[in-house]
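Input: one structure, supplied below.
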Amino acid sequence: MPNSQLRIVIVGHVDHGKSTLIGRLLNDTGSLPDGKVEQVQEMSRKRGMPFEWAFLLDALQAERDQGITIDTTQIHFKTKQRPYVIIDAPGHTEFLKNMVTGASQADAALLVIDAGEGALEQSRRHAFLLHLLGVRQVSVVINKMDRVEFSQARYETVAHEIKEYLSELGLFPKAVIPISARHGDNIVTRTDQAPWYLGPTVIEQLDSFRQQQVSPDQPLRFPLQDVYKPDDRRILAGRIESGRLKVGDTLRFAPSGASATVVSIEAWNNPNPVLSAQAGQSIGVTLDKRIFAERGHIAHHDDAPPTLTHRLSVRLFWLVTEPMALGKTYTLKIATAEHRVTVEQVTAVINVEDLTSTPGKAVHRNEVAEVVVRSRSPIAVDLAADLPRTGRGVLLDGNDVVGGCLVIEAEDSASANLTEVSHTVSLDERAAANGHKGGILWLTGLSGAGKSTLAMALERALFDRGWQTFVLDGDNVRNGLNAGLGFSPDDRTENIRRVAETAKLFADAGVVVIASLISPLRADRARARVIGGDRFHEIHVAADLSVCEDRDPKGLYKKARAGEIAEFTGVSAPYEAPESPELLIDTGALDRSEALAQLLDYVDETLGKSSLKSGKELTYVI
């Protein structure tokens with residue numbers, strides 16, 4: 001389709017010459033309005049500034065004043081072959097969010113690199129983002145060759161460096177073009193400054209790019225955009241992202257599992273009956289029966305379903321100042337679906353310079369990381385490597401985009417093949433019958449701080465009031481539920497997970513669960529909070545190590561000091577105190593009755609009758 005518009009994103013380090021390149025492209029293809037160049041030259045003269053081709057793109061006064069591009073600008077121009085939209089994405093670190101917005105719309109990309117400086121960290125970061133966003137058609141432009149006297153040796157050094165980096169990402173540039181954007185060399189016309197270069201000019205390379213194609217031969221993915229009822233029909237509308245469908249096909253809808261047969265295909269502004277549709281088309285379908293299907297559901301054929309999962313591994317690029325942290329909840333948007341997901345694990349933070357990775361607990365601005373997120377609702381998803389349209393998404397915090405991500409692993413757990421059975425007794429009913437809400441009181445602290453003592457005293461006090469309550473004590477669960485687990489880091493993490501899952505079931509039943517475990521690591525407690533959701537209350541039972549060691553009710557500190565217990569928390573293994581628990585009880589300063597009174601006051605306020613009357617936190621999903 002030679003006359004179809006192609007979308008090109010131009011990326012690179014700040015000051016490597018992207019805007020200059022675009023200015024020359026517009027000028028040298030005759031795409032500028034008459035007198036535009038003269039107008040900018042006069043403006044520059046009045047300001048006492050040398051003329052820059054980049055000034056042609058300065059739509060905002062702030063851009064001229066700052067001397068850097070601060071927004072994604074779309075520029076339309078034509079060659080003899082076809083029209084283009086060039087997306088000038090900012091190179092400055094502060095504006096990478098706009099670069100992501102631009103690249104996500106592109107069919108192909110030009111990566112601009114300064115011949116003198118080579119591929120700096122920002123250039124590599126932009127290359128990684130192109131990979132992350134699924135842009136596979138990439139060419140490299142080595143700019144400012146005039147400053148290195150069109151040295152073939154320098155060109156080859158920079159070209160080898162960037163091609164080697166891109167190949168590690170699975171990107172293979174169509175061309176590496178030496179240019180001087182300022183003087184117009186190798187942009188539209190070939191320069192005699194580099195007789196050793198036999199490849200295409202920038203325009204020739206642009207004209208060789210192809211539009212991104214969505215394949216009708218892939219599995220069907222038809223995410224629903226909306227359900228319309230114009231008359232007695234019920235039209236399920238959306239865009240087919242991959243595959244094809246036809247009248248008479250049986251469609252199944254994920255994640256509900258409902259199925260129905262296509263009776264008709266509705267196409268806009270098409271008076272003739274439509275019998276089939278394929279990837280790239282926006283359509284509506286009517287079905288032979290009324291089923292539950294809504295925005296975000298994905299229609300597919302039975303023989304090639306998406307993965308249904310509650311747990312995803314994603315590779316993401318973080319865009320905002322506030323870091324992504326364990327236990328934080330965001331909105332994940334994939335296709336038309338939105339899911340609330342919580343960060344369960346930061347598997348690795350990736351160094352974009354050399355692509356090495358290290359474990360982490362948070363992801364900071366402009367970092368790339370591999371992260372595990374968990375959702376309470378089932379997510380219908382594909383791996384980005386298989387079906388990018390339903391394997392690529394964004395994370396939002398409120399209404400703000402905070403990250404872009406690719407799905408690299410989806411845990412197809414046994415639950416994905418089961419049909420969840422809804423309880424006929426709601427949490428509101430349980431709370432009304434019990435006179436209190438269910439909840440998880442997670443008591444954490446050093447051995448000897450008084451967790452078990454306080455937990456058992458609280459259980460007795462609540463039971464005497466007629467409350468439904470139960471203690472999950474760390475030692476007790478290791479004698480039963482977790483008897484097969486040892487004390488390796490992985491086993492300790494699994495111990496916490498199992499207790500949290502068990503506590504969640506108790507809380508679902510309306511019970512006040514008192515979990516008493518050292519649980520020394522913040523990351524493990526954050527995962528427990530993810531599992532428990534809004535009903536999770538972290539309570540730090542605090543006492544100085546010296547106080548705990550003086551008490552030593554089980555003689556464990558004495559054994560640890562003698563070397564008889566390896567990796568003992570507080571002695572040879574760390575305890576990470578909660579940073580912002582819902583409640584802190586200092587058992588070093590309070591006696592047992594005072595500590596219990598403080599804890600009871602908190603429980604009354606958050607789970608008791610007064611909280612029922614307020615109507616707060618009464619709606620949960622089971």
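Identify all residues within region 324-357 that are assigned to a strand (DSSP E or B) and acidic (Asp, Glu); write none if there are none.
Hits for region 324-357 are Glu338, Glu344.
For region 431-458, give me the residue count where each residue is among the aliphatic types (A, V, I, L, M) and touching a Gly at 6+ places or on another chain (Cβ under 7 Å).
Going through region 431-458 one residue at a time, the tally reaches 3.
Ala194: hydrophobic (A, V, I, L, M, F, W, C), in contact with a strand residue (DSSP E or B) (Cβ under 8 Å, 6 or more places away or on another chain) and closer than 18 Å to Ala109 by Cβ, yes or no?
Taking the combined requirement at face value, the residue does not satisfy it.
With respect to Val530, is the statement that it is open to solvent by less than 50 Å² (accessible area, probe 1.4 Å) and farther than 30 Å from Asp428 by Cα true?
Judged against the criteria, Val530 is not a match.
May I ask you to list the residues in region 582-610 that are under 30 Å from Ala433 (Cβ atoms) and out of contact with any helix residue (DSSP H, G or I) (no Cβ under 8 Å at 6 or more places or on another chain)?
Listed by number, the residues that qualify are Ala597, Gln598, Asp601, Tyr602, Thr606, Leu607, Gly608, Lys609.
Could you list, in sequence order, all residues of region 487-511 that are polar (S, T, N, Q) and either touching a strand residue (DSSP E or B) at 6+ places or on another chain (Cβ under 8 Å) or open to solvent by 60 Å² or more (accessible area, probe 1.4 Å) (or both)?
Thr502
Looking at the structure I just gave you, is Leu612 among the aliphatic types (A, V, I, L, M) and at pLDDT 90 or above?
Considered against the rule, which asks whether it is among the aliphatic types (A, V, I, L, M) and at pLDDT 90 or above, Leu612 comes out as no.
Considering only region 312-327, how many residues are modelled with pLDDT under 90 and either under 13 Å from Gly393 (Cα atoms) or buried (at least 19 other Cβ atoms within 10 Å of the Cβ) (or both)?
6
Identify all residues within region 362-412 that are assigned to a loop (DSSP other than H, G, I, E, B) and surrounded by fewer than 16 Cβ atoms within 10 Å (Cβ to Cβ); write none if there are none.
Listed by number, the residues that qualify are His364, Ala385, Asp386, Gly398, Asn399, Glu411, Asp412.
Let me ask you something else. Considering only residues that are touching a residue at least 12 places away in the same chain (Cβ under 8 Å), of a type in the set (Asp, Glu) and either farther than 18 Å from Pro520 by Cβ or in contact with a Cys (Cβ under 8 Å, 6 or more places away or on another chain) (or both), which ones fall in region 562-614?
Glu582, Asp586
Could you tell me which of the residues Ile22, Ile68, Ile87, Ile10 is modelled with pLDDT under 60 and open to solvent by less than 40 Å² (accessible area, probe 1.4 Å)?
Ile68
Which pairs do you get when a residue that is within 10 Å of Ala449 (Cβ to Cβ), found in region 547-558, comes within reach of a residue that is open to solvent by less than 30 Å² (accessible area, probe 1.4 Å), reach meaning Cβ atoms under 7 angstrom, with the pair 6+ apart or on two chains?
Cys548/Leu446; Cys548/Ser447; Cys548/Gly448; Cys548/Ala449; Cys548/Gly570; Arg551/Gly448
Can I ask one more? How many of the residues making up region 131-162 are of a type outside the set (Asp, Glu), part of a helix (DSSP H, G or I) and either closer than 12 Å to Glu117 by Cβ or out of contact with any Lys or Arg (no Cβ under 7 Å at 6 or more places or on another chain) (or both)?
The number of residues fulfilling the criteria is 13.
Please name all residue pairs, on different chains or six or more residues apart, with Cβ atoms under 6 Å, provided the first residue is in region 465-476 and is under 24 Å from Ile518 (Cα atoms) and the second residue is open to solvent by 50 Å² or more (accessible area, probe 1.4 Å) and of a type outside the set (Ser, Thr, Tyr).
Thr469/Phe463
Does region 455-511 hold any residues that are among the small types (Gly, Ala, Ser), assigned to a helix (DSSP H, G or I) and at pLDDT below 90, and which are they?
Result: Gly474, single match.
Every residue in region 582-603 that is among the acidic types (Asp, Glu) and loosely packed, with under 13 Cβ neighbours inside 10 Å, please.
Asp591, Asp601 - these are the residues of region 582-603 that are among the acidic types (Asp, Glu) and loosely packed, with under 13 Cβ neighbours inside 10 Å.
If you don't mind, another one. Is it the case, given these coordinates, that Arg525 is surrounded by 14 or more Cβ atoms within 10 Å (Cβ to Cβ) and under 32 Å from the mean Cα position of the chain (by Cα)?
When the stated conditions are applied, Arg525 passes them.
A follow-up question, please. Does Glu576 fit the bill of being modelled with pLDDT of 90 or more, under 41 Å from the mean Cα position of the chain (by Cα) and surrounded by 20 or more Cβ atoms within 10 Å (Cβ to Cβ)?
no
The values are calculated or read from the model by the stated rules, or taken from the named source; none is laboratory data. Values in this document were obtained by computation on a predicted structure and should not be read as measured data. Cβ sites come from the backbone with ideal geometry, for glycine too, and all protein chains shown count toward neighbours. Surface areas here come from the heavy atoms of the whole protein model, side chains and all, with no ligands, DNA or RNA. Shrake-Rupley method; radii C 1.70, N 1.55, O 1.52, S 1.80 Å.
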